[in-house]
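The next block holds one structure in the form of structure tokens; read it before the comments.
The values are calculated or read from the model by the stated rules, or taken from the named source; none is laboratory data. Treat the numbers as computed from the prediction; the structure is a model and nothing was measured. Note: ideal-geometry Cβ built from the backbone for every residue, glycine included; neighbour counts use all protein chains shown.
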Amino acid sequence: RIKAFVFDLDGVITDSAELHYQAWSRIASEQGIPFDRDYNELLKGISRMESLEKILERKPDACFTASDKEALAARKNDYYKELIGTIGPQALLAGIETLLKDIVGAGIGIALASASRNAPTIIERLGIGHFFQVIVDPADIPHGKPYPDIYLRAASELRVSPKECVGVEDAEAGVQAIKRAGMFAIGIGSSEVLHEADYIVPDSSFLQLQDILDRIDNQKD
Ligand code: BG6
Ligand code: MG
């Protein structure tokens, strides 16, 4: 029986994945580094510094010191914070609020497993904090996605077994983290990127609690 849902935030609950992309685009263009949406797929789900490293890899001749990198990461975060400044409850993606209500109504737990240090601010701005029993602090998790650690921590803080959890992600690294944690994985987005997920939907409006639970039951037959 499913006892908890563990959600990613960016690109799942709200479209902040697009805002991360815009902030990174600005940094890349300032540095004269090529950057596009395809390359951005590799950055989804991974930490701020790991994302920066992946962007800087594309300018192999340049030499960036540790303090250059700190400054670039901080500037990206300033751009990002500017972009999330206007987020409010209207920025919840279609179907998410109904899904959260249905999950709570069914007596199932909810946790957040986002790599973003800005997650608590965004959850508060969206006005959905009351749905979450657990918000894992990514600063406590040394190995980020695709390692399963953040999902395992969510399950342990909820006091449920990973096998009793459903994880919801929009990123390839995120789906890999869910699967390695031993959870049922829902991928939101392109089936090419998210092929390792157990159930893929094109966008969040397709998510229906009863439908998800039925699929999990059928998978076990
Ligand atoms: C993840 C995003 O949720 O959080 C990544 O998918 C982002 O794109 C990461 O880099 C870290 O976010 P932040 O807000 O701590 O820079
Ligand atoms: Mg995401």
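At-a-glance table
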item	result
Considering residues of the range 1-43 that are part of a loop (DSSP other than H, G, I, E, B) and touching a Phe, Trp or Tyr at 6+ places or on another chain (Cβ under 8 Å) only, the residue nearest to Cys165 (Cα to Cα)	Ile2
Hits in the range 68-89 (condition: without any contact (Cβ under 8 Å) to a residue 40 or more places away in the chain, closer than 17 Å to Ala28 by Cα and not charged (D, E, K, R))	Ala71, Ala73, Ala74
Some residue of the range 186-201 being in contact with a strand residue (DSSP E or B) (Cβ under 7 Å, 6 or more places away or on another chain), β-branched (Val, Ile, Thr), assigned to a helix (DSSP H, G or I) and crowded, with 19+ Cβ neighbours inside 10 Å	no
Lys163 being surrounded by fewer than 23 Cβ atoms within 10 Å (Cβ to Cβ), more than 16 Å from the chain's Cα centre (by Cα), under 22 Å from Ile2 (Cα atoms) and at pLDDT 95 or above	yes
Flag for Ile123 being within 15 Å of ligand 2 (Cβ to nearest atom) and in contact (Cβ under 8 Å) with a residue 60 or more places away in the chain	yes
Residues (among the small types (Gly, Ala, Ser) and not in a helix (DSSP H, G or I)) located in the range 89-113	Ala94, Gly95, Ala106, Gly107, Gly109, Ala111, Ala113
Yes/no for Gly174 being on the phi > 0 side of the Ramachandran plot and either away from ligand 1 (no atom under 15 Å from the Cβ) or assigned to a helix (DSSP H, G or I) (or both)	no
